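Presented below is the structure to which this report refers.
The values are calculated or read from the model by the stated rules, or taken from the named source; none is laboratory data. The structure displayed is predicted, hence computed values, not measured ones. Glycine gets a Cβ as well: all are built from the backbone with ideal geometry, and neighbour counts include every protein chain shown.
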Amino acid sequence: MIVVRAQLADIPRLLKFRTDAAKWLREQGSDQWSTPYPPELLTQSVMAGEVYLFHPGKATPPVATVTLDQRAEPVLWSPDERSEPALYVHKLTVAQPGRGDRLGARILDWCGDQAARSGKKWLRLDAWTSNARLHAYYERLGFTHIRTVHDPAAFDSGWVAQRQAARCEHSFHLHGEHRGARDHAG
């Protein structure tokens, strides 16, 4: 799997990932991601080099995306937690969820590897507060639920969890850097 940092030209594809995922979630009975994501926030993340696309091969379209950054939302994480070295997973989306190929789990392993290689202690994420199936999925993948925040500032994504950052074997290869991109792997 080839991993590249998203560029501004990828924003329409990234927004489509989200609308397609919202449709799939709706079919599963969840209202997760029912509100459109503000394109200006996505643009900021892309420009910061924090958004990744996953391609099965060099000439194939991406099949997944994730945003990986160091931003701990104060409404979700305590001051002590925010002082700990961590990377945060956001907007993990696969083009065809539920395929059974464990792509989401493999991407989370890659994220944990990136966190460990950059000297972080934790890989953290937040999830839609009412999506119990997603919570169980993350717990099966080794994440420990820390708390659920019921605050309007959490935008219905107040279930927070973490797992130790750890190096791992994976078949993902990060390349194709563009100007100004930061490599979390150091």
- Task: Any chance you could count how many residues in the stretch 1-59 are modelled with pLDDT under 90, buried (at least 17 other Cβ atoms within 10 Å of the Cβ) and polar (S, T, N, Q)?
- Result: 2
- Message: Of everything in the stretch 74-116, what is modelled with pLDDT of 95 or more and assigned to a loop (DSSP other than H, G, I, E, B)? Give them in sequence order.
- Response: P74, V75, L76, W77, S78, E84, P85
- Message: What pairs come out if I take residues in the stretch 1-28 that are touching a residue at least 40 places away in the same chain (Cβ under 8 Å) and in a helix (DSSP H, G or I) and pair them with residues that are aromatic (F, W, Y) and surrounded by fewer than 16 Cβ atoms within 10 Å (Cβ to Cβ) whose C-beta lies under 7 Å away, six or more apart or interchain?
- Response: R18/Y37
- Can you work out which of the residues in the stretch 60-78 that are among the small types (G, A, S) and more than 21 Å from A105 (Cβ to Cβ) is surrounded by the fewest Cβ atoms within 10 Å (Cβ to Cβ)? S78
- Might you let me know whether the stretch 129-139 holds any residue that is touching an Asp or Glu at 6+ places or on another chain (Cβ under 6 Å) and closer than 27 Å to L15 by Cβ? yes
- Residues satisfying the stated conditions in the stretch 128-186, i.e. closer than 20 Å to C111 by Cβ, modelled with pLDDT of 90 or more, touching a strand residue (DSSP E or B) at 6+ places or on another chain (Cβ under 6 Å) and assigned to a loop (DSSP other than H, G, I, E, B): G142, F143, A165
